[in-house]
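The values are calculated or read from the model by the stated rules, or taken from the named source; none is laboratory data. Quantities reported herein were computed from a predicted structural model and do not represent experimental measurements. Note: ideal-geometry Cβ built from the backbone for every residue, glycine included; neighbour counts use all protein chains shown.
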Amino acid sequence: MDHVPAAKFRQYPHVNEVLCLCDYDYDGDDFTTYPERKGFNKHQLLAGNFSEHPRETTVAFLQSWLFFGVFSAVRKQILEISEITTRNSNGDLIIDAQKLPLLIEKWVRSSSARHSDRIDAVLSEAQAVIEHFCPPLITWQTKYGADGEHPSVIANTIVSPIPPPVACSIALLSASLQTAFTQQFPMQPYVRFSRPASDVFGIPALIFQRFLAAGWCISDVARLSRTYSISTLYFASSIQRNLPSPEFHDHCNLFACSASQVDDSTYMTKHVDEKCQCDHMFSALGDVREILDHGGIPATIVMGDIATVGEKGWLEAVPFENCKAVALSHVWSDGLGNVSQNSIPECQVRRLKGLIDKLYDRPEKESSISAFFKKKKSPKPVGLWLDTLCIPLEKEYRKLAIQRMVDTYAKSDKVLMIDAELTQLSMEDIPAREILISIAGSNWMRRMWTLQEAALNIERLYVQFADGVFEYHTNGVGLTRAWERQKWAYEPIDIDVGSHGHEFSSLHDAHDKSAFNWRATHNSVGLALSGFAGRNTTKQGDVYLCLGGILDLNVGEIHSTPDDQRTEKMLSLVHTYPKSIIFSPGPKLNVPRFGWACETFWKSKILGSAYNDAMNPAIMKEAGLRLEYQGYTIKPFKLPEHFFIMNSTKQDLWIKVTYDPTDTVRIRDKLARAGHDESNMELGLIVPERDVARKGPGAGSPALLVSVYKINGFKESLKDFDNNGAIYSKALCTVLLTSTTEDEHQRYIDSGNEVAYGKKPNESQKTNSVIYATQIWFIA
């Protein structure tokens, strides 16, 4: 896999040779029928059943079909084993991936857009099998990521007979081919051409293993997979991290990092040097309260010659408009917080003053006219906004200050991000792409408040390193533009690592509700929830304050609501949602019209790109959440516990429907809550992708199980044309769809369970018609 470069700074010495396990060339005939020609049952392979032949035979065939065969099929020329292999020091035949970039470049430059249907068909067929040994993120989280399991146990889960390096090389090749072709012939310019690993081709177990070996948190893999392609994940996993101890991330999981959670009862404010015993400097709380009372935002001014040893200084507070305010963005676990008083050690004040002063020692580009007027004005002092000093502990004033958090960061002159790990690194030694990845994997990036702090003033965000500051937005944009000039189609790393900056900018636009950024504005909920995924906060009630601030909602109203009622309050203030939010796992709300929402709304998962959802969002109506998706209606039958098996009548698909294991409410209780009568009421199954309804769920797909209480017939549709054929339903639970095996099917029948029969409400007469007629659903 040497076609993906390794990091240049702090490179972890991974050894991941990919053995060539097949001893025969791909035959060059039709890609889809290759399994039959080699004596394999393709339907079993698509269902994830690899037991038909001995393990060695199966692995050799899968490498021949999905590595050599995929490349041969997309370029219409056989990729021979001898063309891309070599011998290692032990004499083993291995894949020489360094030869791949030139082969991919040569192929894509000679391709034509008219080949796109054929190439898409090959890669789609490959993906359906690849996802069984490189599971999608949702499968890792729901099937393999059991609570309490050690991260290394999850990473070393055996998901298939294929050795992890071979499986990873197969997924990397397909992802590289898709990236190269999509970049060369973009179909939708507003969609990034490199697909996030959570969206396509799954996440190989080797990726998890490499990240953990290099000292990363397992939650970083899940979080970054929503933004980075497989290639960029592979590259990032070669960067070694500095950990306080080898066990630092042992109790983290695929959903969030718990290593830096703060316990108020044991929290200690830190000095710059642990041996230092200097006194604390206290905030000018009287002035801070007065500024808050008058509707302002306080900033701290350091007075006196504090830089001189032996001299004493003091702190004063002034409104933002009376200074150049630098808002500090940090995580409390680094030691700059204080749970008992508004103070920090003098050594920290000295350090922070030095850092913010240096921000203004840097030359800034400006017009001669603006420079002239600046000379005419008296220079303003540099002020610091630090939550520890500027948010009083008293409940009334804390509430006022938190309500103005959005304006604090949006109106600050600059935002300075400080992370303990990054401040130990020198930028001079690190390429820009690796700096951006280091920031993306930092403790700072794992926290929720920092999402808001970065997004609200992204163009003035500075990241502190040991030898200076890194201009986040400028460098991210510059790296992307430099890549566009190179146009190396097989390597999307520079595009991917700049995508966090793009997400921050989109959130900024959504908050501004700019008419020129309607797409971000229209789906700001999706953007915010996508950004929240994998992040954490010490006080769970603060989540909705962050979310409300980003969405420009009434934060004061949310803050006044008890923590356990903030989900419902948030939902009542929002009317447009990313429609894929309905597939979020977890216990559902027992609240009229909001039964589709998770009890902890902020943990909602957004599938794929929030921008795709923005083109056709879900809208809250009196009858419930209105959205358009494909799906099935299911004839009345008695639901068994845990799961049921459904037959899709026209497609003749057999699908196992497993209830969300993270939702502990029994299915019988859900039915009673929805008022569902199993003897005469139909069920509905809403699916996120049309191919799930046409071809089956493959390795796994989420869906929403609903109780159907009304379907708009011909007469109703004439009166309400906008909701022609709409299905009115009540949410029951999220489910996971998988292809069922013959043994599972037989055991299900033998246990006395009833098979469900489902059909697409609007399907055409042709069994697998490519015509996609959307179905309107109302979910209450």
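Can you find a residue that is under 29 Å from PRO688 (Cα atoms) and assigned to a loop (DSSP other than H, G, I, E, B) anywhere in segment 256-268? Can you show your working first?
Keep residues of segment 256-268 that are under 29 Å from PRO688 (Cα atoms), which gives 256-257.
Right, trim to assigned to a loop (DSSP other than H, G, I, E, B) and you get 256-257.
Taking every residue of segment 256-268 in turn, at least one turns out to be under 29 Å from PRO688 (Cα atoms) and assigned to a loop (DSSP other than H, G, I, E, B).
Could you tell me which residue of segment 29-45 is surrounded by the most Cβ atoms within 10 Å (Cβ to Cβ), considering only residues that are under 19 Å from GLU131 (Cβ atoms) and touching an Asp or Glu at 6+ places or on another chain (Cβ under 9 Å)?
Step one: of segment 29-45, the residues under 19 Å from GLU131 (Cβ atoms) are 31-32, 34-35, 40-45.
Those still in the list that are touching an Asp or Glu at 6+ places or on another chain (Cβ under 9 Å) too: 31-32, 34, 40-42, 44-45.
Values: PHE31: 20, THR32: 12, TYR34: 22, PHE40: 19, ASN41: 13, LYS42: 16, GLN44: 16, LEU45: 20.
Once the filter is applied, the top-ranked residue is TYR34.
Please verify whether segment 309-319 includes one or more residues that are in contact with a helix residue (DSSP H, G or I) (Cβ under 6 Å, 6 or more places away or on another chain) and over 21 Å from MET417 (Cα atoms).
Of all residues in segment 309-319, those in contact with a helix residue (DSSP H, G or I) (Cβ under 6 Å, 6 or more places away or on another chain) come to 317, 319.
Subsequent filtering for residues that are over 21 Å from MET417 (Cα atoms) retains 317, 319.
Yes, segment 309-319 has at least one match.
Checking CYS217 against (1) buried (at least 24 other Cβ atoms within 10 Å of the Cβ); (2) not assigned by TED's automatic domain parsing to the domain that holds ILE154, which single condition isn't satisfied?
Looking at each condition in turn, CYS217 falls short on (2).
Among the candidates ASP305, ASP334, single out the residue that is under 18 Å from GLU453 (Cβ atoms) and surrounded by fewer than 17 Cβ atoms within 10 Å (Cβ to Cβ).
Numbers: ASP305 fails: under 18 Å from GLU453 (Cβ atoms).
Exactly one of ASP305, ASP334 is under 18 Å from GLU453 (Cβ atoms) and surrounded by fewer than 17 Cβ atoms within 10 Å (Cβ to Cβ), namely ASP334.
Condition check: at pLDDT 85 or above, out of contact with any Gly (no Cβ under 8 Å at 6 or more places or on another chain) and under 28 Å from LEU479 (Cβ atoms). Does ASP496 satisfy that? Walk me through it before giving the result.
Working: at pLDDT 85 or above: yes; out of contact with any Gly (no Cβ under 8 Å at 6 or more places or on another chain): yes; under 28 Å from LEU479 (Cβ atoms): yes.
Judged against the criteria, ASP496 is a match.
Going by the structure shown, is GLU682 charged (D, E, K, R) and either outside the structural domain of LEU737 (by TED's automatic domain parsing) or within 20 Å of THR139 (Cβ to Cβ) (or both)? Write out each step before concluding.
Numbers: charged (D, E, K, R): yes; either outside the structural domain of LEU737 (by TED's automatic domain parsing) or within 20 Å of THR139 (Cβ to Cβ) (or both): no.
For GLU682, the condition - charged (D, E, K, R) and either outside the structural domain of LEU737 (by TED's automatic domain parsing) or within 20 Å of THR139 (Cβ to Cβ) (or both) - is not met.
Could you please find all residues in segment 617-663 being of a type in the set (Lys, Arg) and in a loop (DSSP other than H, G, I, E, B)?
Start the filter on segment 617-663 by keeping residues that are of a type in the set (Lys, Arg), which leaves 621, 626, 635, 638, 650, 656.
Correct list: LYS635, LYS638, LYS650.
Checking GLN341 against (1) surrounded by fewer than 16 Cβ atoms within 10 Å (Cβ to Cβ); (2) modelled with pLDDT under 95, only one condition comes out false. Which one?
Evaluating GLN341 over (1) surrounded by fewer than 16 Cβ atoms within 10 Å (Cβ to Cβ); (2) modelled with pLDDT under 95 leaves (2) as the failure.
Can you tell me which residue among PHE320, PHE248, PHE255 is aromatic (Phe, Trp, Tyr), closer than 24 Å to TRP449 by Cα and either modelled with pLDDT of 95 or more or surrounded by fewer than 13 Cβ atoms within 10 Å (Cβ to Cβ) (or both)? Before the answer, list the steps.
Details: PHE248 fails: either modelled with pLDDT of 95 or more or surrounded by fewer than 13 Cβ atoms within 10 Å (Cβ to Cβ) (or both); PHE255 fails: either modelled with pLDDT of 95 or more or surrounded by fewer than 13 Cβ atoms within 10 Å (Cβ to Cβ) (or both).
Only one candidate qualifies: PHE320.
From the list LEU292, LEU233, LEU212, pick out the single residue that is touching a His at 6+ places or on another chain (Cβ under 9 Å), crowded, with 16+ Cβ neighbours inside 10 Å and in a helix (DSSP H, G or I). I'd like the intermediate steps shown before the answer.
Details: LEU292 fails: touching a His at 6+ places or on another chain (Cβ under 9 Å); LEU233 fails: touching a His at 6+ places or on another chain (Cβ under 9 Å).
So the residue among LEU292, LEU233, LEU212 that is touching a His at 6+ places or on another chain (Cβ under 9 Å), crowded, with 16+ Cβ neighbours inside 10 Å and in a helix (DSSP H, G or I) is LEU212.
Give segment 461-482 a look and list any residue that's modelled with pLDDT of 90 or more and touching a His at 6+ places or on another chain (Cβ under 8 Å), or say none.
LEU461
Which residue pairs have Cβ atoms under 8 Å apart, sit 6 or more places apart or on different chains, and have a first residue in segment 62-91 that is within 23 Å of ALA121 (Cβ to Cβ) and a second that is in a strand (DSSP E or B)?
Qualifying pairs under 8 Å: PHE67/ILE95.
So the check is Cβ under 6 Å with 6+ separation or different chains; which pairs have a first residue in segment 671-691 that's within 19 Å of ALA726 (Cα to Cα) and a second one that's among the hydrophobic types (A, V, I, L, M, F, W, C) and in a helix (DSSP H, G or I)?
VAL687/ALA693; PRO688/PHE583
If I ask for residues that are under 16 Å from PRO381 (Cα atoms) and either basic (Lys, Arg) or not in a strand (DSSP E or B) (or both), which ones from segment 308-348 would you list?
Result: GLY313, PHE320, GLU321, ASN322, CYS323, LYS324.
Filter segment 604-661 for residues that are of a type in the set (Lys, Arg), crowded, with 19+ Cβ neighbours inside 10 Å and at pLDDT 90 or above and give the result.
Applying the first criterion (of a type in the set (Lys, Arg)) to segment 604-661 yields 605, 621, 626, 635, 638, 650, 656.
Now narrow it down to the ones that are crowded, with 19+ Cβ neighbours inside 10 Å: 605, 626, 656.
Across segment 604-661, the qualifying residues are ARG626, LYS656.
So, in segment 19-64, how many residues would count as being under 24 Å from THR86 (Cα atoms) and polar (S, T, N, Q)?
4
Going residue by residue through segment 509-522, is there one that turns out to be modelled with pLDDT of 75 or more and touching a helix residue (DSSP H, G or I) at 6+ places or on another chain (Cβ under 9 Å)?
Here is the first cut: in segment 509-522, the residues modelled with pLDDT of 75 or more are none.
The answer is no; no qualifying residue exists.
At pLDDT 75 or above and aromatic (Phe, Trp, Tyr) - does that describe any residue in segment 705-713? Can you show your working first?
Keep residues of segment 705-713 that are at pLDDT 75 or above, which gives 705-712.
Still in the running and aromatic (Phe, Trp, Tyr): 709.
Yes; the residues of segment 705-713 include at least one that is at pLDDT 75 or above and aromatic (Phe, Trp, Tyr).
Would you check if ARG485 is closer than 29 Å to LYS8 by Cβ, at pLDDT below 95 and surrounded by 19 or more Cβ atoms within 10 Å (Cβ to Cβ)?
On the way: closer than 29 Å to LYS8 by Cβ: yes; at pLDDT below 95: yes; surrounded by 19 or more Cβ atoms within 10 Å (Cβ to Cβ): no.
For ARG485, the condition - closer than 29 Å to LYS8 by Cβ, at pLDDT below 95 and surrounded by 19 or more Cβ atoms within 10 Å (Cβ to Cβ) - is not met.
Mind listing whichever residues of segment 726-765 are of a type in the set (Gly, Ala, Ser) and either more than 22 Å from ALA674 (Cα to Cα) or within 33 Å of the chain's Cα centre (by Cα) (or both)? Step through it out loud before you land on a result.
Residues of segment 726-765 of a type in the set (Gly, Ala, Ser): 726, 729, 731, 739, 751-752, 756, 758, 764.
Matches in segment 726-765: ALA726, SER729, ALA731, SER739, SER751, GLY752, GLY758, SER764.
Just a yes or no: is a residue in segment 766-774 modelled with pLDDT under 75, aliphatic (A, V, I, L, M), within 28 Å of GLY202 (Cβ to Cβ) and surrounded by fewer than 18 Cβ atoms within 10 Å (Cβ to Cβ)?
Scanning segment 766-774, I find at least one residue that is modelled with pLDDT under 75, aliphatic (A, V, I, L, M), within 28 Å of GLY202 (Cβ to Cβ) and surrounded by fewer than 18 Cβ atoms within 10 Å (Cβ to Cβ), so the answer is yes.
Taking the criterion of being at pLDDT below 90 and either part of a loop (DSSP other than H, G, I, E, B) or in contact with an Asp or Glu (Cβ under 9 Å, 6 or more places away or on another chain) (or both), would at least one residue in segment 87-96 satisfy it?
Going residue by residue through segment 87-96, those that are at pLDDT below 90 are none.
No, because not a single residue in segment 87-96 is at pLDDT below 90 and either part of a loop (DSSP other than H, G, I, E, B) or in contact with an Asp or Glu (Cβ under 9 Å, 6 or more places away or on another chain) (or both).
Taking the stated definitions as given, is THR561 in contact with a Pro (Cβ under 8 Å, 6 or more places away or on another chain), surrounded by fewer than 23 Cβ atoms within 10 Å (Cβ to Cβ), over 28 Å from HIS502 (Cβ atoms) and modelled with pLDDT of 85 or more?
Details: in contact with a Pro (Cβ under 8 Å, 6 or more places away or on another chain): no; surrounded by fewer than 23 Cβ atoms within 10 Å (Cβ to Cβ): yes; over 28 Å from HIS502 (Cβ atoms): yes; modelled with pLDDT of 85 or more: yes.
Spelling it out, it is not the case that THR561 is in contact with a Pro (Cβ under 8 Å, 6 or more places away or on another chain), surrounded by fewer than 23 Cβ atoms within 10 Å (Cβ to Cβ), over 28 Å from HIS502 (Cβ atoms) and modelled with pLDDT of 85 or more.
Every residue in segment 134-164 that is at pLDDT 85 or above and more than 20 Å from the chain's Cα centre (by Cα), please.
HIS150, SER152, VAL153, ASN156, THR157, SER160, PRO161, ILE162, PRO163, PRO164 - these are the residues of segment 134-164 that are at pLDDT 85 or above and more than 20 Å from the chain's Cα centre (by Cα).
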